[in-house]
Structures are given as C-alpha cells and as structure tokens.
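Engineer: Quick one: this structure, given as structure tokens, is what I'll be asking you about.
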Amino acid sequence: MAETWEDVIKKLKAVAHERGKPISDGTAQQVLEREYGDLFDDGFDPLKPAPEISAEEYDNMADLATLDQA
C-alpha cells in the first residue's frame with residue numbers, strides 16, 4: 001500500500017521527535033508543501049498518495065522543520 005501525505009507527516013514528526021526536536025502537524029505540512037509543492041496542484045490533500053521518500057530526505061526535512069521552529 002502506498003503512503004499518503006498523512007503518513008509522511010506522521011513519519012516526519014517521528015524523525016524530528018527522535019532527534020529531540022518535536023514538531024507540529026502544521027510545521028511538517030509546511031515543510032512538505034515547500035519541498036514538494038509542485039505535486040500539490042489542487043492544494044495539500046493528506047489522503048492523496050505520496051511519492052517514495054528516502055530516509056535521507058526525511059532527515060533533511062526534519063532539519064528544515066526544526067530550523068523553522070527556531
């Protein structure tokens with residue numbers, strides 16, 4: 001089963017939490033919209049399928065998300 005954007009938000013939040021820098025759903029969504037905005041022609045829909053995202057990319061996005069909250 002393919003991951004949805006909602007699954008990606010949960011996973012991104014988990015990665016950030018593991019790093020000791022918890023983030024909100026809103027912050028995670030903002031990072032996704034910034035990084036993958038070209039995939040949201042009709043706006044962000046958490047139930048739509050998301051592309052495969054590597055562990056390295058999750059790490060990078062978690063870094064971005066924690067910078068956003070600084």
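Engineer: Nearest 10 degrees, 0 to 90: what angle lies between the long axis of helix 55-69 and the longest principal axis of the chain (Cα atoms)?
Structural biologist: Its long axis makes an angle of about 70 degrees.
Engineer: Below 8 Å between Cα atoms, with a sequence gap of 6+, how large is the relative contact order for the chain in percent?
Structural biologist: 50
Engineer: Return the calculated 222 nm mean residue ellipticity for the chain, to the nearest 500 deg cm²/dmol, obtained by summing -39500 (n - 2.57) across DSSP H runs with n ≥ 4 and dividing by the residue count.
Structural biologist: -19000 deg cm²/dmol
Taken together, the values in this text are just the output of simple stated rules run on the coordinates, not laboratory data. On a predicted model such as this, the values are computed, not experimentally measured, just so you know.
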